[in-house]
Amino acid sequence: EKDGYEHFMMKEMYEEPKVIRDTINPRIKDGELVLDNVTITEEDISKLEKIYIVACGTAYHAGVIGKYIIEKLCRIPVEVDVASEFRYRDPLVSDKNMTIIISQSGETLDTLFALRESKKRGARILSIVNVVGSSIARDSDDVLYTWAGPEIAVASTKAYNTQLTALYMVALELGLKKGTITKEEADAILGQLKQIPNDIEKILENKEDIQKFAHQHYNAKSIFFIGRGLDYALSLEGSLKLKEISYIHSEAYAGGELKHGTIALIEKGTLVVCPMTQDNLFDKMVSNIREVKARGAVVLAITQEKHAEELKKTADTVITIPDVDSLVAPISAVTPLQLFAYYMALEKGCDVDKPRNLAKSVTVE
Ligand code: M6R
């Protein structure tokens, strides 16, 4: 059932283009975005003072992207929290809020209880879930399914790409209904989303570049991921993926924050991975790369083709993704990070699909 792939994780990364298409296409009818099972009205949206996004692990990292996107397109404040913190912190949730719950399995206990806590306090619940009829789906007011299909590898890959896709569609729906974006703007973003599967196909075709890099660096003891804006959110996910399956210590830092914290840990040969897809923050990241290079870091940058030549002057290795608008870039830019984690784990001889101590679905506290 691995269809000739060595691991489920690789098979599932190869499924990303298809499952993103499956998540978008059925929801575009005659050029209009139609979110099945989402019945929130313009009136409901106009009453929303704040949106909470609650999830665990990789789904939480999707939520961090969701915050940026919803705030940008809908101008509603969004707070994103891990479920195990949210449920115990007496959250300020009421009927003036909506809680977006994200979960691949739909059965994560902390996430389910955070949903119930939120519901008890009067919030409307919209969930982004992969498993049809799961506990989280059943307890929600609105459900937007990610059509990622079964995900077997413990490290989540394709589910994350589809969670992001779904979050962009939610932001478009809310923005259109609230009037904070025009139909033309929404159509332009939808057009960009539809292009992403082709971009991921190209990224997968060029995976050998990442494999080669991993082959040279798999002995790294500690790896930093730094990024700004949406690339910071991506850094969190890239770092988690690497830790989960390769057991290499890693930290994700906001690009501008490193010098307020652990820059002392950057020494000769420390590997620093920099997703750099945000055009308006590009120069700031170049400065951050200079800071870490001055301390001896080896820098792997991931950016659009259009920036590659320039970036080669500063970073040691540049991995490219096809040119894509900064707003939607995370959906394709995560794939090189997933591949990086995969190849590092493979080089180290780790059990890629079943990393130690981790369960696919955490149904205990
Ligand atoms: O099924 P869920 O999306 O609710 O699971 C949440 C986390 O347990 C999950 O994302 C976990 O972090 C993965 N192992 C990430 O690769």
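Residue-by-condition table, conditions (1) in a loop (DSSP other than H, G, I, E, B); (2) hydroxyl-bearing (Ser, Thr, Tyr); (3) within 16 Å of the ligand (Cβ to nearest atom); (4) surrounded by fewer than 24 Cβ atoms within 10 Å (Cβ to Cβ):
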| residue | (1), (2), (3), (4) |
| --- | --- |
| Leu35 | yes, no, no, yes |
| Thr39 | yes, yes, no, yes |
| Ile51 | no, no, no, no |
| Val64 | no, no, yes, yes |
| Lys67 | no, no, no, yes |
| Leu92 | yes, no, no, yes |
| Ser105 | yes, yes, yes, yes |
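Here are some residues: Thr111, Thr157. Which one is over 28 Å from Asp3 (Cβ atoms), within 13 Å of the ligand (Cβ to nearest atom) and not aromatic (Phe, Trp, Tyr)?
None of the other options fit; the residue is Thr111.
Given (1) among the aliphatic types (A, V, I, L, M); (2) touching a residue at least 40 places away in the same chain (Cβ under 8 Å); (3) within 14 Å of the ligand (Cβ to nearest atom); (4) closer than 30 Å to Ser326 by Cβ, where does Val129 come up short, assuming only one miss?
(2)
What are the residues in the stretch 231-252 that are touching a strand residue (DSSP E or B) at 6+ places or on another chain (Cβ under 9 Å) and open to solvent by 10 Å² or more (accessible area, probe 1.4 Å), if any?
Scanning the stretch 231-252 gives Tyr232, Leu236, Leu240, Lys243, His249, Glu251, Ala252.
Among (1) in contact (Cβ under 8 Å) with a residue 12 or more places away in the chain; (2) over 20 Å from the mean Cα position of the chain (by Cα), there is one condition Gly57 misses while meeting the rest; what is its number?
Evaluating Gly57 over (1) in contact (Cβ under 8 Å) with a residue 12 or more places away in the chain; (2) over 20 Å from the mean Cα position of the chain (by Cα) leaves (2) as the failure.
Of all the residues that make up the stretch 233-250, how many are more than 10 Å from the chain's Cα centre (by Cα), more than 11 Å from the ligand (Cβ to nearest atom) and without any contact (Cβ under 8 Å) to a residue 60 or more places away in the chain?
3
Can you find, within the stretch 132-150, the residue that is nearest to the ligand (Cβ to nearest atom) among those that are assigned to a helix (DSSP H, G or I) and open to solvent by less than 30 Å² (accessible area, probe 1.4 Å)?
Of everything passing the filter in the stretch 132-150, Ile136 is nearest to the ligand (Cβ to nearest atom).
Does Ala171 qualify as being in contact (Cβ under 8 Å) with a residue 60 or more places away in the chain and either near the ligand (Cβ under 10 Å from one of its atoms) or surrounded by fewer than 23 Cβ atoms within 10 Å (Cβ to Cβ) (or both)?
No, not satisfied.
Do you know which residues across the stretch 203-230 are touching a strand residue (DSSP E or B) at 6+ places or on another chain (Cβ under 8 Å) and part of a helix (DSSP H, G or I)?
Ile203, Asp209, Ile210, Phe213, His217
The values are calculated or read from the model by the stated rules, or taken from the named source; none is laboratory data. Given the structure is predicted, the values throughout are model-derived calculations rather than measurements. Glycine gets a Cβ as well: all are built from the backbone with ideal geometry, and neighbour counts include every protein chain shown. SASA here: full protein model, heavy atoms, side chains in, ligands and nucleic acids out. Shrake-Rupley method; radii C 1.70, N 1.55, O 1.52, S 1.80 Å.
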